[in-house]
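In what follows, a single structure is set out as structure tokens and then discussed.
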Amino acid sequence: MEPSKSIQNRRSFLKSSFLAGGGLMISFSVLPELGIAEKTGTLNLAGEWNEITGYIKITSDNIIKIINPNPEFGQNVMTSLPMIIAEELDVDWQKVVVEMGPHDSIKLGPQFSGGSSSVRMYWKPLREAGAAARQMLMQAAAETWMVPVEELTTKAGMIIHTKSMKSGTYGEFASKAATIPIPKGIKLKDVKAFNIVGKSKKNVEVEKILTGKPLFGMDYAHEGMMIAMIEHPPGFGMKLKSFDASQALKMPGIKEVFTLKLYEDGFEQSGFDTRSFNDLLVVVGKTTWEVMNARKKLVTEWEPAGDIKDIIGGRGGKKEVVVPGELESTTKQLEKLQAYASKPAELLRKDGDPETAFKNAAQIIERTYNAPFLAHNCMEPINFFAHVTDEKALLAGPLQGPGWSEPTLAKLLKLPADKIEIQMTRMGGGFGRRAYGHYLYEAALISKKAKAPIKLIYTREDDMTYGIYRPMYTATYRAALDANKNLIAFAVKGGGIPEHAIHANRFPAGAIDNYLAEGWQIPSNITIGAFRAPRSNFNAAAEQSFLDELAEVMGKDPIDFRLELLKRAKENPVGKNNEYDADRYAGVLKLVKEKSGWGKADNKKYHRGVAAYFCHASYAAHVVDMVLRNGKPYVERVFSAMDCGIVVNPDAATNMVEGAVIDGIGNSFYGKLSHKDGKAEQTNFHSYRIIRHSEVPKKIEVHFVKNEIDPTGLGEPPFPPVFGAVANALYKTTNKRHYNQPFLDPSTQQNTGENRKKTF
Amino acid sequence: MINLNINNKNYELEVDPDTPLLWVLRDTIQLVGTKYGCGVAQCGACVVHLNGEAVRSCVTKASRAVGQKVVTIEGLSENNDHPLQKAWTELDVPQCGYCQSGQIMSAAVLLRENKNPTDQDIYNAMEGNICRCGTYLRIQNAIKLAAEMQRNESK
Ligand code: FES
Ligand code: FES
């Protein structure tokens with residue numbers, strides 16, 4: 001492949017190039033602004049496969065293969081993205097073979113799983129790719145049969161000419177289709193005519209999963225592969241002072257022990273190059289168990305690393321960031337958060353005159369909410385395979401954004417991008433964690449130095465204690481009511497370590513005349529990043545609890561109160577840049593109200609909590625029904641309403657929402673990562689509490705708003721409002737507001753007076 | 001040198017008998033359906049059957065399996081047709097899928113012993129299996145469905 005000269009067009013487009021083997025390739029590139037290198041060129045045809053577009057390969061005997069471009073981490077893209085292609089291509093889904101594509105941004109687009117964007121960003125390009133291929137196949141048939149293409153129809157992989165009673169399979173015309181120019185202005189199907197999209201299809205890899213086939217990075221094997229592990233410092237803010245590997249090297253199976261620097265001084269990191277530690281102490285050996293044992297024999301001395309300067313590149317240009325060297329402890333962090341909360345902060349949005357409104361208020365309600373760091377705890381610990389030589393590099397493993405990791409890898413290995421091959425395995429969970437490619441760089445550098453193919457494996461302890469966590473957040477909400485209990489002003493001031501969570505232009509911004517949003521942050525050496533909508537999942541807990549409390553003070557039903565605000569935002573919006581669509585937001589609230597039988601007497605046995613939230617581009621609302629079971633709060637039922645536009649694979653989408661609900665209950669009840677002198681205090685599942693079987697609702701009823709809006713994404717949106725609905729149900733159950741997460745952690749719940757600000 | 005019988009096949013292996021069965025399965029004989037999740041008996045990703053009982057292979061020394069019958073997910077059925085595999089497929093249970101072989105291996109023991117498990121029976125048998133994606137409810141429903149399939153078959 002050769003690097004391209006220029007990007008012709010900033011929107012998605014189709015391109016074609018003729019192939020030596022007679023197949024035709026269509027490729028597209030979307031979101032070039034993401035900086036994904038665009039490449040053009042030819043590819044080797046695999047045997048008798050005719051490549052009709054980068055996503056579609058057809059043999060002459062009509063075996064149809066669809067390539068899934070985007071990494072699969074449980075969100076079902078391996079099934080749902082090919083369904084979109086199959087829909088426009090018009091094939092029999094049962095006969096389609098689906099294959100995971102390699103990293104190839106020319107043929108397969110941006111290839112990023114995250115931000116609930118997979119279906120949203122691929123929707124149109126994949127429909128176009130399917131439709132273009134169908135058109136080309138029909139054109140080939142028309143030329144062969146010498147009939148006008150307009151007279152042809154297709155049905156489930158067959159091309160039919162009714163007048164002449166001719167018909168043939170796609171396979172018969174696949175190689176001829178290669179000689180046909182790309183059609184312009186491809187007509188896409190009417191949404192109402194869909195017969196694959198919108199009909200539940202089984203996970204295409206379900207059989208492999210249920211029979212234990214190698215699918216995951218952890219399962220990846222390669223001739224001569226060694227296992228590598230990294231011995232990290234015991235805590236954030238520390239580095240290696242000295243080590244003695246003599247005993248470790250005597251252990252069976254051990255090949256070598258060495259140190260390695262991940263980024264050289266002055267290395268310019270891009271946005272997803274976050275890493276917890278830069279100086280790596282590496283053990284390489286034959287098997288996982290042998291390397292684990294050898295690590296125990298390492299004699300190490302660590303010392304405080306002091307302040308570190310990182311150079312971060314990106315859209316805003318290069319900047320130098322000082323990472324403070326302090327060995328941090330959660331108790332100290334909480335004190336810092338309190339101290340910062342009273343300082344002036346950055347103004348994020350202001351409507352009207354909130355100061356005066358608060359001054360004139362008859363009543364002011366002020367509440368502070370806190371949440372700890374959260375670890376991702378993907379079921380499959382971090383790992384990656386690398387085989388790096390002087391000429392080229394092969395990498396394979398679980399990764400959310402190969403297009404973001406490849407440029408960094410090329411710089412680190414000093415290899416051109418076209419000498420780097422990245423294969424994406426199925427991921428045992430991601431949740432944002434695997435958007436950060438440091439572990440792939442680590443694997444590559446270890447392989448290069450060890451001159452061997454290696455698989456880098458993090459133990460569970462490594463995975464949990466050297467994470468890229470959901471930040472620690474706090475926010476203080478204030479509301480001003482007039483003498484008639486009308487809401488006249490609303491303010492939020494949020495902070496966090498090392499960033500705050502405030503989305504200033506989201507609801508209820510736009511619905512209140514006097515509105516203020518401010519934010520502040522405290523730098524830290526504890527590494528943070530994406531976590532299933534990290535900011536939103538905190539906000540949806542804090543803001544949605546606050547609105548619940550506010551409704552109570554105002555004597556209003558919590559759903560009606562929100563709907564009133566949304567009506568205002570719709571009819572007479574305050575300010576500019578309101579990010580949400582008030583109708584869609586109200587739509588999920590109305591749907592959940594109806595489906596849950598809100599206010600109906602037969603639900604009296606439940607303590608009900610409601611919350612709704614908008615994030616990424618979709619809307620979610622939940623009603624959580626809680627009871628006390630053996631004296632402990634238990635969520636017995638949940639009703640969910642989602643608006644994510646067209647739902648591609650309904651049963652899988654439902655599964656995703658159920659999972660988000662369970663994940664939300666678990667994290668809001670128990671999720672917590674705390675630190676002492678830089679060290680994570682939770683190291684494995686005995687101390688990091690994860691929700692388990694007996695704690696799961698008996699029923700989760702998921703409803704989707706039916707509309708014809710292009711898909712707006714689903715991975716994250718259902719997750720955040722679970723936190724708020726759980727908090728509100730807990731209040732009804734226990735008569736006590738829960739301001740600090742995790743809600744069922746005894747240390748967080750001394751929530752009277754000043755204490756509620758101070759504890760985790 | 002130890003001898004192990006795994007999925008009805010005999011293996012003569014050059015491994016330290018103290019090695020956890022998990023790593024013998026995964027690293028030595030490349031049966032990777034059994035997963036590593038925690039290494040300390042907390043997550044259930046590594047569950048296999050030792051003489052028909054569910055054990056956590058991450059804390060089971062290979063020596064303990066000598067002379068016993070080990071069954072892993074790869075040996076649970078001939079053609080992916082164990083009632084649990086059928087029910088799991090029917091309800092399209094997995095999300096990421098990483099925990100699922102452990103879940104199924106735990107459930108298989110329950111189902112053999114209990115033809116009609118209640119919620120509480122399921123909780124008792126499955127509490128040690130974590131699913132980070134939150135497919136628990138589908139797993140529970142699939143166990144009930146499999147029990148039903150099994151009862152119908154034996155009628
Ligand atoms: S890996 Fe054995 S229980 Fe977690
Ligand atoms: S399906 Fe992902 S951990 Fe269970």
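Excluding residue A:244 itself, calculate the net charge of residues whose Cβ lies under 15 Å from the Cβ of residue A:244, where each Lys or Arg counts +1 and each Asp or Glu counts -1.
Residues close to residue A:244 contribute a combined charge of +2.
First check a/c for the protein assembly as shown, with a ≥ b ≥ c the square roots of the eigenvalues of its C-alpha gyration tensor; if it is under 1.5, answer rounded, and if not, answer prolate when a/b is larger than b/c or oblate otherwise.
rounded
Would you kindly derive the ³J(HN,Hα) couplings of the range A:326-342 from the backbone phi angles with the Karplus curve 6.51 cos²θ - 1.76 cosθ + 1.60 (θ = phi - 60°), listing them in order in whole Hz, with x for Gly and Pro?
So the J values, rounded to whole Hz, are 3, 8, 8, 10, 4, 4, 5, 4, 5, 5, 4, 4, 5, 5, 5, 4, 8.
What are the lysines whose alpha-carbon lies under 20 Å from the alpha-carbon of residue A:166, with same-chain residues fewer than 8 places away excluded?
Reachable lysines: A:155, A:176.
In whole Hz and in residue order, list the ³J(HN,Hα) couplings for the range A:293-310 that follow from phi through the Karplus curve 6.51 cos²θ - 1.76 cosθ + 1.60, θ = phi - 60°; x for Gly and Pro.
Calculated HN-Hα couplings, in order: 5, 5, 4, 5, 8, 5, 9, 10, 10, 10, 9, x, 7, x, 5, 10, 9, 10 Hz.
Counting other Cβ atoms within 10 Å of each Cβ, which GluC sites (Glu not before Pro) in the range A:631-737 have at most 15 and sit in a DSSP loop?
A:681, A:708
Can you give the longest run of chain B that contains no GluC sites (Glu not before Pro) sitting in a DSSP loop with at most 15 other Cβ atoms inside 10 Å?
My reading of the result: B:15-77 is the longest stretch.
Please work out whether the range B:83-153 counts as rounded, prolate or oblate from its C-alpha gyration tensor, where a ≥ b ≥ c are the square roots of the eigenvalues and a/c under 1.5 means rounded, while otherwise a/b larger than b/c means prolate and anything else oblate?
oblate
If I compute solvent accessible area with a 1.4 Å probe over the protein chains, what percent of it on the range B:2-75 is carbon and sulfur?
That share works out to 44 percent.
What does the structure give for B:133-145 when I average, per residue, the other chain Cβ atoms found within 10 Å of the residue Cβ?
6
Treating only the Cβ of Lys, Arg, Asp and Glu as charged (+1, +1, -1, -1), what charge dipole size does the range B:91-155 show about its Cα centre? Round to the nearest 20 debye.
Dipole of the range B:91-155, to the nearest 20 debye: 100 debye.
Near the amide H of residue A:703, under 5 Å away, which other amide H atoms are found, from residues 5 or more places off or on another chain, if H is placed in the peptide plane?
A:640, A:641, A:642
Mind listing the long-range amide H neighbours of residue A:645? Cut-off is under 5 Å, sequence gap 5 or more, other chains count too, H placed in the peptide plane at 1.01 Å from N.
It is A:712, by chain and number.
Of A:212, B:140, A:498, which is farthest on the positive side of the dipole of the protein assembly as shown, counting Cα position, with +1 on Lys and Arg Cβ, -1 on Asp and Glu Cβ, and the Cα centre as origin?
Selected residue: B:140.
For the charge dipole of the protein assembly as shown, defined by +1 on Lys and Arg C-beta atoms and -1 on Asp and Glu C-beta atoms about the Cα centroid, which residue among A:363, A:729, A:420 has the Cα displaced farthest towards the positive pole?
It is A:363.
State whether the range A:189-317 is rounded, prolate or oblate according to the following rule on the C-alpha gyration tensor (a ≥ b ≥ c being the square roots of its eigenvalues): a/c under 1.5 gives rounded; otherwise a/b larger than b/c gives prolate, and the remaining case gives oblate.
Cα axes put the range A:189-317 in the oblate bin.
Under a crude label model (7 Å from the Cα following the beta-carbon direction), how far is residue A:315 from residue A:189 in nanometres?
Computed distance between label sites residue A:315 and residue A:189 equals 3.4 nm.
Need one number: % antiparallel among DSSP beta bridges in the range A:605-756, to the nearest 5.
In the range A:605-756, approximately 80 percent of DSSP beta bridges are antiparallel ones.
Only Lys, Arg, Asp and Glu count, each charged at its Cβ (+1, +1, -1, -1), so figure out the dipole size of the range A:480-553 about its Cα centre, rounded to 20 debye.
So the magnitude is around 280 debye.
Which entries in A:309/A:679; A:107/A:187; B:86/B:115; A:95/B:144; A:556/A:590 show an alpha-carbon gap greater than 25 Å?
A:95/B:144
Report, by chain and number, residues whose modeled amide H sits under 5 Å from the one on residue A:689, excluding near sequence neighbours (fewer than 5 apart, same chain).
Hits under the 5 Å cutoff: A:672.
For the protein assembly as shown, with the dipole built from +1 on Lys and Arg beta-carbon atoms and -1 on Asp and Glu ones, taken about the Cα centre, which of A:260, A:177, B:33 lies farthest toward the positive end?
B:33
Leaving ligands, DNA and RNA out of it, rank A:246, B:106 by accessible area with a 1.4 Å probe, largest first.
If we order A:246, B:106 from most to least accessible, we get A:246, B:106.
In debye to the nearest 20, how big a dipole does chain A give about its Cα centre with +1 on each Lys and Arg Cβ and -1 on each Asp and Glu Cβ?
That gives chain A a dipole magnitude of about 1020 debye.
With runs of 4+ DSSP H residues as the only contributors, calculate the mean residue ellipticity of chain A at 222 nm using -39,500 (n - 2.57) per run, divided by the residue total and rounded to the nearest 500.
The per-residue figure over chain A is -8500 deg cm²/dmol.
Of all DSSP beta bridges located in the protein assembly as shown, what percent are antiparallel, nearest 5?
75
Summing +1 for each Lys or Arg and -1 for each Asp or Glu, what net charge is found among the other residues whose Cβ lies under 14 Å from the Cβ of residue B:98?
+4
The values are calculated or read from the model by the stated rules, or taken from the named source; none is laboratory data. None of these values were measured; they are calculated from a predicted model. Heads up, the Cβs are rebuilt from the backbone with ideal geometry, glycines too, and the neighbour counts pull from every protein chain shown. Only protein heavy atoms, including side chains, enter the accessible area calculation; ligands, DNA and RNA are left aside. Shrake-Rupley method; radii C 1.70, N 1.55, O 1.52, S 1.80 Å.
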